[in-house]
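Below is one structure, written out as structure tokens; the observations come after it.
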Amino acid sequence: MNSILDILFPPRCMFCKNIIHKGQSRCVCGTCEGMLELIENFCEVCGAPLTEDGICECSGEDYAFSKSRSFAVYDEIAKTLIHDLKFRKRPEYGEKIIDYLISNHADLSFAADADIIIPVPLHKKRERKRGYNQTAVLGAELGRKLQKPCFEKALKKIKDTLPQSDLSGEERRKNISGAYSVRDKDAVNGKIILLIDDVFTTGSTLNECAQTLLNAGAHKIYCFTVAKTVKAKTVKVKTVKQL
């Protein structure tokens, strides 16, 4: 049946949209797969690539979360994929992204003891306009793969903030301060939580969510994002081996 469907509706690359040929990954073509950059030799706290002398760009930061990991560098390839998921009404990309991460051995062992998964929420006005929360799509699929419950509604965004992408680091922290609340404290009390978002930029959003969860009684917070923005001079990456 799959072979017939592949002839009628051949799978297309999530990045370049070209047809994927037999023997390649079912969601990323060989060309794009070879350009995707994975982060290695990363900071144990924020997950960013370390400099040659082992220093991280987050040095001096005091995060509320214990550890964060990101699968790939937020370059043009990853940006295209995430923007399609967020802004072009392609929620089905969430399942494909998680399938791809798991098949390429995304390192989630750091959060093996997590009790539950919680996605970073959107404000209700933005979610209504978009039609869905892309991070909730990622979290639900990751929960199925890891066999961990995903509490999509555990966190609520109570402030309709400005888009973080338009702001500086300090502006991001001020913009997001006090923007979240916990709907059900009993659901997070004493729990180790894996917090999911699409992109780690400065960490302000993840940090605010983590602090909100800790204030509500959570025991520990881990974070995982699909991609992370990095400073050019610190990038130490490897390309994905073609499947």
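What follows is calculated from the coordinates using simple rules that are stated; it is not laboratory data. Since this is a predicted model, take the numbers as computed values, not measurements. Neighbour counts run over all protein chains shown; Cβ positions are idealised from the backbone, glycine included.
Tabulated data for the structure shown
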read-out	value
Cα shape, the stretch 36-239, gyration tensor, a/c 1.5 rule	rounded
Ranked Phe87, Phe15, criterion: other C-beta atoms within 10 Å, fewest first	Phe87, Phe15
Gained length - Asp107 relative to Lys129, 0.36 nm times residue gap less alpha-carbon distance	4.6 nm
Straight-distance crosslink candidates among aspartates and glutamates, where the alpha carbon sits under 17 Å from Lys159 and sequence neighbours closer than 8 are dropped	Glu127, Glu171, Glu208
Exposure proxy order (Cβ contacts within 10 Å, fewest to most) of Ile117, Ile39, Ile158	Ile158, Ile39, Ile117
Restraint check, Lys67/Lys191; Lys156/Lys220; Lys124/Lys145; Lys96/Lys228; Lys89/Lys191; Lys17/Lys148, Cα-Cα greater than 24 Å	Lys124/Lys145; Lys89/Lys191; Lys17/Lys148
Cα-based convex hull volume of the stretch 98-216 per residue, rounded to whole Å³	111
Ranked list, fewest to most other Cβ atoms within 10 Å of each Cβ, for Phe42, Phe110	Phe110, Phe42
GNM result for the chain, Cα springs below 10 Å: residue of Gln134, Gln164, Gln211 fluctuating most strongly	Gln164
MRE, 222 nm, helices only [DSSP H, n ≥ 4, -39500 (n - 2.57), over the chain, to nearest 500]	-9500 deg cm²/dmol
Relative contact order of the chain, defined on C-alpha pairs under 8 angstrom at six or more residues apart (%)	27
Simple spin-label estimate for Asp184 and Ile19 in nanometres, 7 Å along Cα-Cβ	4.8
Virtual paramagnetic centre 7 Å along Cα→Cβ of Asp160, amide N under 13 Å, in the stretch 102-127	123-127
